[in-house]
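As structure tokens, the structure follows; a few thoughts come after it.
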Amino acid sequence: MTALKQYDRLEATGLWRETTESQSIEVLITFGNASLILSDFTGSPLTHWSLPAVVRTNPTKRPAIYSPNTSGTEKIEIEDEAMIKAIEEVRSSIKSRRPRPGKLRILTLIITSLVITALLIFWLPNILTQHTSGLVYAEQRRQIGERLIQQVSKLSGPPCELESDANPLYQLEQRLFPNTGVKILVFAEGIRTSTHLPGKFILLNRTTVEDFEVPEVVAGFAIIEKAILDLNDPMKNLLSFAGTSVVLKFLTTGKLNDRVLEEYAIYLLHKEQVIPDIEIILEEFKLADVNPKYYAYAIDVTGEATSDLIKQENTNQNRRVLSKDDWLGLQTICGG
């Protein structure tokens, strides 16, 4: 229902003019269910006006003038305050329920802007980073990795080296990751346990070679880090850390400034290692042909937390990781 219940029997008189050429005549106005009924004084209806369509042509003046449409050719003048109030209440009620295109457009614009902003913040940077990292060739990755090693060295000291011509790290690299270009470095301090850099650099803490009796343990740390490197592109990780503006500059110039690399080096030195799933770890130990139980006991001397590695010895246990001399040399690489 359009009309209000309290006005079901409301009646008043008014001056009605059918056209601009017609003479105004006095009529009886009845406030109907959804319309205004204009009648002569014999009770014969002259016309019906739909209340939702009624337009007031002089909002603040008296007598109030209404028209059944916006053309204003037909109109009625009303003096009765009760009738005016009733019509105005209905018109206000109808107006409040009508859709408001202006507000709808504003709301649509706001929602669209929020969606675009969300895409720019969450989707575009990831796509841009992934695309850019895919364009970085192997030699460029190695150069960036070497620059990061310089930054790490500023914070933790340079990587350890033997004074002799022996190179047990090279032997370890070739034993675990032959023909892959992986380079293993050992640092006396700064590295939590292990981490990796673009260019296939694996960085180990000296404790991984000095605190254990067999080379299978350091092999295990290197194998785990290589698995993490394979699962997560280190170049993409670096660019994600750097931010969209740096990525855009790198995409256009191919350069990363030292400040970005310094901040990333600090981040890496404090970043906790995220261990891959056990299935991946077991497969990597199998590919490297290393017994995982030594690494498992190094992580947990009780073997409870690493029982899955201990139970599934699916490697050739007779193949050595390093010769006795190489292992002894590796254990003293940091002067230990």
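The values are calculated or read from the model by the stated rules, or taken from the named source; none is laboratory data. The structure displayed is predicted, hence computed values, not measured ones. Ideal geometry is used to build each Cβ from the backbone, glycine not excepted, and the neighbour counts take in all protein chains shown.
Listed values, structure above:
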item: Any hit, region 285-305, residues being of a type in the set (Gly, Ala, Ser), loosely packed, with under 13 Cβ neighbours inside 10 Å and over 30 Å from Glu163 (Cβ atoms); result: yes
item: Residue ID - modelled with the highest pLDDT, chosen from residues in region 92-106 that are under 24 Å from Arg9 (Cβ atoms) and not aliphatic (A, V, I, L, M); result: Ser92
item: Identity of the residue in region 140-174, closer than 19 Å to Ala219 by Cα and among the charged types (D, E, K, R), that ends up surrounded by the most Cβ atoms within 10 Å (Cβ to Cβ); result: Glu173
item: Test: residue in region 13-34 that is assigned by TED's automatic domain parsing to the domain that holds Ser93, among the basic types (Lys, Arg) and modelled with pLDDT under 90; result: no
item: Qualifying residue in region 124-135 (condition: at pLDDT below 75 and assigned to a helix (DSSP H, G or I)); result: yes
item: Count of region 252-265 residues which are surrounded by 15 or more Cβ atoms within 10 Å (Cβ to Cβ) and in contact (Cβ under 8 Å) with a residue 60 or more places away in the chain; result: 5
item: Among (1) buried (at least 17 other Cβ atoms within 10 Å of the Cβ); (2) more than 60 Å from the chain's Cα centre (by Cα) - the single one Thr47 does not satisfy; result: (1)
item: Every residue from region 192-234 that is aliphatic (A, V, I, L, M), touching a residue at least 40 places away in the same chain (Cβ under 8 Å) and assigned to a helix (DSSP H, G or I); result: Val209, Val217, Val218, Ala219, Ala222, Ile223, Ile224, Ala227, Ile228, Leu231
item: Matching entry among Glu89, Glu74, Glu79 (being in the same structural domain as Leu15 (by TED's automatic domain parsing), over 13 Å from Leu10 (Cβ atoms) and in contact (Cβ under 8 Å) with a residue 60 or more places away in the chain); result: Glu79
item: Top-ranked residue in region 136-179 [being within 34 Å of the chain's Cα centre (by Cα) and assigned to a loop (DSSP other than H, G, I, E, B); ranked as farthest from Leu256 (Cα to Cα)]; result: Tyr137
item: Cβ pairs under 6 Å, 6+ apart, first in region 122-144 and among the basic types (Lys, Arg), second assigned to a helix (DSSP H, G or I) and at pLDDT 90 or above; result: Arg141/Met235
item: Residue count, region 61-80 (criterion: at pLDDT 90 or above, out of contact with any Pro (no Cβ under 7 Å at 6 or more places or on another chain), more than 16 Å from Ile37 (Cα to Cα) and charged (D, E, K, R)); result: 0
item: Any hit, region 270-279, residues being under 20 Å from Leu172 (Cβ atoms) and either in the same structural domain as Val152 (by TED's automatic domain parsing) or among the acidic types (Asp, Glu) (or both); result: yes
